[in-house]
Every structure is written in structure tokens, then in C-alpha cells.
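J.: Pasting a structure below so you can have a look.
Values quoted throughout were computed directly from the atomic coordinates according to the rules given, and no laboratory measurement underlies them. Owing to the predicted nature of the structure, the values given are computational and were not obtained by experimental measurement. Here the Cβ is made from the backbone with ideal geometry for all residues, glycine too, and neighbour counts use every protein chain on show.
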Amino acid sequence: MFRNERKLYKRKCDATGETIISIYSPEKKFKVYQQDTRRSDDRDPLKYGKTYTTSKKFVENFRYLQEDVPRLCLTNKNAENSEYCHQTD
């Protein structure tokens, strides 16, 4: 349910506004960042910390966290001259 390894979409990076290639369609609620931005040390990962609300189900708390923490547009480390590679090393 969480994985898409076959389709690529054009969408805007939620951090920079640039057009990127992503495994997440533009209709998804998830924040998606381009690789350089998502892996940058300029981001503060501690700002995504959440208080667990015991009055809500685990799934609701988890979904809230999933929608707030930015995702990586593609998993692509050493592709040369192609932004259309996913799951490459």
C-alpha cells in the first residue's frame, strides 16, 4: 500500500516549488521534497516530533505523522544524466 515502484509523476517540490519527478502523484497529501533538499543538513528533523495522543487510535496518530514529515521524491543515488531513475544505487 505504501510503495510505488513503477509509475513516475511530475509534481512540485513542496520545499522549493520546482517541478520534480516523483513516485508520489500530485494528488497525494504527502509533502514531497527533491533529493538534495530532503537530504540536506539545513532541515531540522526535530521539528517533526509529535505528541502521541492517547485519545486517538494509533493509526490516526501515525497518519498525522506521515502527512507532516516530508518524503523523498525518488530513491536514486548514483544515476548519471537521468532524473527518471528510481531504486538505483
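J.: Using only Cα atoms and rounding to the nearest 10 degrees, what angle (0 to 90) does helix 58-68 make with the longest principal axis of the chain?
T.: 40 degrees
J.: Could you pull out every one of the lysines with an alpha carbon less than 20 Å from that of K31, ignoring same-chain neighbours closer than 8 positions?
T.: K7, K10, K12, K47, K50
J.: When the chain is treated as a GNM, springs tying every alpha-carbon pair under 10 Å, which of K28, K47, K77 comes out with the largest mean-square fluctuation?
T.: Taking springs between Cα atoms under 10 Å, the residue moving most is K47.
J.: To continue, here is another question. Rounded to the nearest 0.05, what FRET efficiency do F58 and N78 have when you use their Cβ-Cβ distance and R0 = 30 Å?
T.: 0.20
J.: A follow-up question, please. Which one is right for this structure if percent of Cα pairs over 16 Å apart is calculated from it: (i) 52; (ii) 64; (iii) 59?
T.: Computed from the coordinates, percent of Cα pairs over 16 Å apart corresponds to (iii).
J.: Sum -39500 (n - 2.57) across every DSSP H segment of at least 4 residues in the chain, then divide by the residue count to get the 222 nm mean residue ellipticity, nearest 500.
T.: Computed ellipticity for the chain at 222 nm equals -4500 deg cm²/dmol.
J.: Based on other C-beta atoms within 10 Å, arrange S25, S55, S40 from fewest to most.
T.: The most exposed by this proxy come first: S55, S40, S25.
J.: Can you give the charge dipole size of the chain about its Cα centre, rounded to the nearest 20 debye, using +1 on the beta carbon of Lys and Arg and -1 on the beta carbon of Asp and Glu?
T.: Charge dipole of the chain: 500 debye, to the nearest 20.
J.: To make sure I understand, if each residue's beta carbon is the centre and we count other beta carbons within 10 Å, what order do R39, R3 fall in, fewest to most?
T.: R3, R39
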